[in-house]
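See structure below.
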Amino acid sequence: MASFANSKDSAKLGGCPDHGDLMNYHTPTSFSDASAIASATSGVTRFLAGGTDVLVQLRSDLVTPDDLIDIKHIEGVKDITQRADGGWDLGVAVAGAEMTEHAALIADWPGLVEGMDLIGSTQVQGRATLVGNLCNGSPAADSVPGMVAAGCTVTVTGPDGSRKVAVEDIPAGPGRTTLQKGELISKVHIPARGENGGDAYLRFIPRTEMDIAVVGCAVNLRIEGDIITEARVVMGAVAPTVVLVNDAATAIIGSTLDETALDALAQAATAACNPIDDKRGTIEFRKDVAGVLAKRAAKIAYGRAKGEAQ
């Protein structure tokens, strides 16, 4: 693949040696420009922020975009900003490594950050982004359950302007999102943590590291005294998209996370699963693990809400 040109607009890049395809490489300086470019294309379009998915797909010849739109040149895409209400805004090119080095963000949302921290190797962490992990459309994406559990939203910029969308409304199935032609995510919004809250993310993988989740679970909750007053429970890798399990949250709200509540939580998490059989795990195994992880993640989140070191 020919090296990228340093154009402010676009450049033609030579294709791989075994075929003569050309690829347009664009470097817009605003999200509205990026949207306009994407809207005008007629072939395969990909946005480039971290590149840990797009470049691998390109080099493996799985996807050869007609237009590659590099959004790293847009102002603010690397920023982590705390809002006046205590919430956070993250630029779309903020890498996992930058999140794991941000003490204040970790203090507020350790579960969300630890989900992102599980993606890939140290080298990948230097490039991988929340938005890329979300838009890749993998049901096993490690950062997505934590974002949904936290109640995160994203700003979507498109031909008709910008709108805010809940993260759980972005995935549409394996490799697919609900984003329309010309639309891209331009910012991530994390709610204010508030008092007496805690979150956690856990996954099961066959190996000890750098593997894809067989099951993932994120729990976010709030307490008053010892009583859970709010909760969100999200399962990953057990259905075509992440699953926000309202019945699992209901099972623990109003409880002190006693064994009865934990058992009800596990049953609800298991019941919400619609997994597949494959070489990495059977349907029965995944459902069983879902209940176990839900219990463990809830205990960690509950401990964090109480201010206990986890």
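In the range 47-69, the residues that are over 9 Å from Gly132 (Cα atoms) form Cβ pairs under 8 Å with partners that are open to solvent by less than 30 Å² (accessible area, probe 1.4 Å) and polar (S, T, N, Q), at six or more places apart or across chains, as follows: Asp66/Thr41; Asp67/Thr41.
Could you tell me whether the range 184-206 includes any residue that is under 30 Å from Arg286 (Cβ atoms) and among the polar types (S, T, N, Q)? Looking for residues that are under 30 Å from Arg286 (Cβ atoms) and among the polar types (S, T, N, Q), one finds none in the range 184-206, hence no. Identification of strands (runs of 3 or more DSSP E) wholly contained in the range 85-194 with 3 or more residues that are at pLDDT below 95 yields no element. In the range 289-310, the residues that are under 17 Å from Leu112 (Cα atoms) and assigned by TED's automatic domain parsing to the domain that holds Arg232 reach residues that are assigned to a helix (DSSP H, G or I) and open to solvent by less than 10 Å² (accessible area, probe 1.4 Å) with C-beta atoms within less than 7 angstrom, at least six apart or across chains, in these pairs: Ala294/Ala248; Ala294/Leu265; Ala294/Ala269; Ala298/Ile252; Ala298/Leu262; Ala298/Leu265; Ala301/Gly111.
Applying the criterion of being among the hydrophobic types (A, V, I, L, M, F, W, C) and in a loop (DSSP other than H, G, I, E, B) to the residues of the range 246-289, the residue that is nearest to Gly236 (Cα to Cα) is Cys273. Scanning the range 71-84 for residues that are over 17 Å from Ala128 (Cα atoms), in a strand (DSSP E or B) and of a type outside the set (Ser, Thr, Tyr) yields a single hit, Gln82. For the range 43-53, the candidate set comprises residues that are open to solvent by 40 Å² or more (accessible area, probe 1.4 Å) and out of contact with any Pro (no Cβ under 8 Å at 6 or more places or on another chain); within that set, the residue that is modelled with the highest pLDDT is Phe47.
Conditions (1) closer than 22 Å to Ser32 by Cα; (2) of a type in the set (A, V, I, L, M), marked per residue:
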position	(1), (2)
Ala149	no, yes
Gly182	yes, no
Gly194	no, no
Val234	no, yes
Thr241	no, no
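With respect to Gly137, is the statement that it is open to solvent by 30 Å² or more (accessible area, probe 1.4 Å) and either free of Cβ contacts under 8 Å to residues at least 60 places away in the same chain or more than 25 Å from Ala272 (Cα to Cα) (or both) true? Taking the combined requirement at face value, the residue does not satisfy it. Taken together, Ala11, Ala5 contain a single residue that is open to solvent by less than 50 Å² (accessible area, probe 1.4 Å), over 18 Å from Thr129 (Cβ atoms), modelled with pLDDT under 90 and not in a loop (DSSP other than H, G, I, E, B), which is Ala11.
Taking the criterion of being of a type in the set (Gly, Ala, Ser), open to solvent by 40 Å² or more (accessible area, probe 1.4 Å) and touching a Phe, Trp or Tyr at 6+ places or on another chain (Cβ under 9 Å), the only residue of the range 79-116 that qualifies is Ala104.
Conditions tested, residue by residue: (1) assigned by TED's automatic domain parsing to the domain that holds Asn133; (2) out of contact with any Cys (no Cβ under 9 Å at 6 or more places or on another chain); (3) in contact (Cβ under 8 Å) with a residue 24 or more places away in the chain.
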residue: Asn196; (1), (2), (3): no, yes, yes
residue: Asp199; (1), (2), (3): no, yes, yes
residue: Ile205; (1), (2), (3): no, yes, no
residue: Arg222; (1), (2), (3): no, yes, yes
residue: Val233; (1), (2), (3): no, no, yes
residue: Val238; (1), (2), (3): no, no, yes
residue: Val243; (1), (2), (3): no, no, yes
residue: Ala251; (1), (2), (3): no, yes, no
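Under the condition of being of a type in the set (Asp, Glu) and within 20 Å of Trp88 (Cα to Cα), which residue from the range 179-206 is most open to solvent (accessible area, probe 1.4 Å)? If we take residues in the range 179-206 being of a type in the set (Asp, Glu) and within 20 Å of Trp88 (Cα to Cα), then Glu195 is most open to solvent (accessible area, probe 1.4 Å). All of (1) at pLDDT 95 or above; (2) more than 21 Å from the chain's Cα centre (by Cα); (3) surrounded by fewer than 20 Cβ atoms within 10 Å (Cβ to Cβ) hold for Pro240 with one exception: (2).
Restricting the range 54-70 to residues that are open to solvent by 10 Å² or more (accessible area, probe 1.4 Å) and in a loop (DSSP other than H, G, I, E, B), which is modelled with the highest pLDDT? The extreme case among them is Asp66. If you filter the range 152-178 down to residues that are among the acidic types (Asp, Glu) and without any contact (Cβ under 8 Å) to a residue 12 or more places away in the chain, you find that the one that is surrounded by the fewest Cβ atoms within 10 Å (Cβ to Cβ) is Asp160.
Listed here are the residues, each with its yes/no results for (1) open to solvent by 30 Å² or more (accessible area, probe 1.4 Å); (2) of a type in the set (A, V, I, L, M, F, W, C).
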{"position": "Asn246", "(1), (2)": "yes, no"}
{"position": "Pro275", "(1), (2)": "no, no"}
{"position": "Lys279", "(1), (2)": "yes, no"}
{"position": "Thr282", "(1), (2)": "yes, no"}
{"position": "Phe285", "(1), (2)": "yes, yes"}
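The values are calculated or read from the model by the stated rules, or taken from the named source; none is laboratory data. A quick note: this is a predicted structure, and the numbers were derived from the prediction, not measured. Note: ideal-geometry Cβ built from the backbone for every residue, glycine included; neighbour counts use all protein chains shown. Remember, those area values only see protein heavy atoms, side chains included, never the ligands or the DNA or RNA. Shrake-Rupley method; radii C 1.70, N 1.55, O 1.52, S 1.80 Å.
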